[in-house]
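**Q** There's a structure below that I have some questions on.
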Amino acid sequence: MTRPGWVALVAALAALTLGCRGDPPAEPGAAAPAAAPRPAGLSLPRLDDPHHELRVLGEELALWRGRLALDPANARVLVERLLRRASVEGRLEDYVEADARSAAWLAAAPTDRRAMLTRATVALRLHRLAEARAVLAQARAAGTSADEIAPLEAAIAQADGAADHALPFFEEAARLAPSAGNLSAFAAALADDGQPAAALPLLARAWAQLTGPAPLPAAALLFLWGRVHEQLGQLREATLRYELALRAVPQHLEARAHLAGLLAVTGERERAIELLDAPRDAGAHPELTGQLAAWLAGRDPTRAASLEAEAARAWTRWVEALPEAFADHAARFLLTARTTRDPARALALAKLNRAARATVEADLLLLEAATAADDVETLCATRAALNRQRHLPAAAQGAVERAASRCP
């Protein structure tokens, strides 16, 4: 199952709430479902057609590409639209284009603060945190205001495993302007800091703010809400929110992947397979392809092997294009694949991911990869790093304890 960073979720939600009233114009783990009751009154409002909204988004992309020749600064809107669509459909091409367009704009206008902030935003989304910090330092030296830099600095701190340092900023933003985007960002920061229960009331308040008919903001918030419930082990609640997110926007990649994962672990594997198989005519994401291959292995081994090979080729292409952004996803695939399993390559990718961001999740992936590759030195060093963390999920504690027998 894919595990996107909280910062990417918040960035996506912030971009998607543009059309919602009350928002500023800015940019499986558990063994059984929890017994939490189904919340009363949680249902979708009347929403616009998500297919139409995404078609319009595609038309806007074409429009802003055409306007680049008139003014290179139009790259700002183009990049925002690319990241918005990528947050829903997970298109590699959108991320690659956002990367190229922001880099070209900054190269053409190295003193333009807007170009610097746009480039830092893209670097953050692609997990190039050192680059994002360096660009922000340039922006500060060029006279960019602290108010413009602070949101990105907080998001970078959160992405680099320092959610506690980012919390004061997100809390203050939610207090001063309790919009859906600000409340969700604060909730995500709390969840990332090991306080998911405290995040739930904020997400309920954020949901109340989404009064417009736009489906993309609704799906983004529901997905984030589901992630928090999943972190708490409340699988029934998480499943409900993923289902609603998919009902709002059937193209929402992460909601589909997470919902399929929860269905599989709660005894509905056939439904999970149907969920992953449905969008394949349009070209499947390697995350979905890899999941589908794993669950078909016992029923249709020939097709499963073909799908796994397809996912392996795709992940190779994605990592070659944007290594820091997708090293973790590819490493998890290589650790769980059957015919294409490659612990040594997974370990190399896990090390790359850990070098890019110092999160608990990155350390856990590195621990798993080091165990699979029988790299005792990396295993024990990573175990020691995890033991120093303030918040360690129960599943992670088990992994750390199992590693103890191999470390002096």
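**Q** Take the range 93-119 and flag every residue that is of a type outside the set (S, T, N, Q) and within 26 Å of His285 (Cα to Cα). Break it down into steps so the answer makes sense when it comes.
**A** The first filter runs over the range 93-119 and keeps only residues of a type outside the set (S, T, N, Q), leaving 93-101, 103-110, 112-117, 119.
Selection gives Glu93, Asp94, Tyr95, Val96, Glu97, Ala98, Asp99, Ala100, Arg101, Ala103, Arg119.
**Q** Exactly one condition in (1) at pLDDT below 95; (2) under 23 Å from Glu320 (Cα atoms) is false for Lys351; which is it?
**A** Here Lys351 clears every test but (1).
**Q** Are there any pairs with C-beta distances below 6 angstrom linking a residue in the range 385-407 that is closer than 19 Å to Glu230 by Cα to a residue that is modelled with pLDDT under 85 and assigned to a loop (DSSP other than H, G, I, E, B), with the two at least 6 apart or on different chains, and if so which?
**A** Ala395/Gly29
**Q** Still on this structure, I have one more. With respect to Ala238, is the statement that it is among the aliphatic types (A, V, I, L, M), in a helix (DSSP H, G or I) and under 17 Å from Leu54 (Cα atoms) true?
**A** On the way: among the aliphatic types (A, V, I, L, M): yes; in a helix (DSSP H, G or I): yes; under 17 Å from Leu54 (Cα atoms): no.
Criteria not met by Ala238.
**Q** Being within 19 Å of the chain's Cα centre (by Cα), within 25 Å of Thr239 (Cα to Cα) and open to solvent by 10 Å² or more (accessible area, probe 1.4 Å) narrows it down to one of Glu287, Glu274, so name that one.
**A** On the way: Glu274 fails: within 19 Å of the chain's Cα centre (by Cα).
Exactly one of Glu287, Glu274 is within 19 Å of the chain's Cα centre (by Cα), within 25 Å of Thr239 (Cα to Cα) and open to solvent by 10 Å² or more (accessible area, probe 1.4 Å), namely Glu287.
**Q** State all residues of the range 201-214 that are out of contact with any Phe, Trp or Tyr (no Cβ under 7 Å at 6 or more places or on another chain) and part of a helix (DSSP H, G or I); if no residue qualifies, say none.
**A** Kept after step one, since they are out of contact with any Phe, Trp or Tyr (no Cβ under 7 Å at 6 or more places or on another chain), are these residues of the range 201-214: 201, 204-214.
Matches in the range 201-214: Pro201, Ala204, Arg205, Ala206, Trp207, Ala208, Gln209.
**Q** Moving on. For the range 19-42, indicate whether the set of residues that are loosely packed, with under 15 Cβ neighbours inside 10 Å, on the phi < 0 side of the Ramachandran plot and modelled with pLDDT of 55 or more is non-empty.
**A** Yes, there is a match, as at least one residue in the range 19-42 is loosely packed, with under 15 Cβ neighbours inside 10 Å, on the phi < 0 side of the Ramachandran plot and modelled with pLDDT of 55 or more.
**Q** Criterion first (in a helix (DSSP H, G or I) and within 19 Å of Ala330 (Cβ to Cβ)) does Ala395 satisfy it?
**A** No, not satisfied.
**Q** Any idea how many residues of the range 154-170 are surrounded by fewer than 21 Cβ atoms within 10 Å (Cβ to Cβ), at pLDDT 95 or above and within 18 Å of the chain's Cα centre (by Cα)?
**A** 1
**Q** Quick check, is Leu63 modelled with pLDDT under 50, in a helix (DSSP H, G or I), open to solvent by 30 Å² or more (accessible area, probe 1.4 Å) and at negative phi? First the steps, then the outcome.
**A** On the way: modelled with pLDDT under 50: no; in a helix (DSSP H, G or I): yes; open to solvent by 30 Å² or more (accessible area, probe 1.4 Å): yes; at negative phi: yes.
No: the conditions fail for Leu63.
**Q** Looking at Ala123, Ala139, which one is within 24 Å of Asp363 (Cα to Cα) and either open to solvent by less than 30 Å² (accessible area, probe 1.4 Å) or of a type outside the set (Phe, Trp, Tyr) (or both)? Please lay out each step first, then the result.
**A** Values: Ala139 fails: within 24 Å of Asp363 (Cα to Cα).
None of the other options fit; the residue is Ala123.
For (1) within 25 Å of Pro250 (Cβ to Cβ); (2) in a helix (DSSP H, G or I); (3) of a type outside the set (D, E, K, R); (4) out of contact with any helix residue (DSSP H, G or I) (no Cβ under 9 Å at 6 or more places or on another chain), each residue gets a yes or a no:
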| site | (1), (2), (3), (4) |
| --- | --- |
| Glu171 | no, yes, no, no |
| Ala174 | no, yes, yes, no |
| Ala185 | no, yes, yes, no |
| Ala189 | no, yes, yes, no |
| Ala199 | no, yes, yes, no |
| Leu216 | yes, yes, yes, no |
| Ala219 | yes, yes, yes, no |
| Arg227 | yes, yes, no, no |
| Glu230 | yes, yes, no, no |
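**Q** While we're on this one: Looking at (1) at pLDDT below 95; (2) in contact with a Ser or Thr (Cβ under 9 Å, 6 or more places away or on another chain); (3) of a type outside the set (S, T, N, Q), can you tell me which one Ala278 breaks?
**A** Among (1) at pLDDT below 95; (2) in contact with a Ser or Thr (Cβ under 9 Å, 6 or more places away or on another chain); (3) of a type outside the set (S, T, N, Q), Ala278 violates only (2).
The values are calculated or read from the model by the stated rules, or taken from the named source; none is laboratory data. Only a predicted model underlies this, so the values are computations on that prediction, with no experimental measurement involved. Backbone-built Cβ (ideal geometry, glycine too); neighbour counts: all protein chains shown. Side chains included, ligands, DNA and RNA excluded: accessible areas come from the protein's heavy atoms. Shrake-Rupley method; radii C 1.70, N 1.55, O 1.52, S 1.80 Å.
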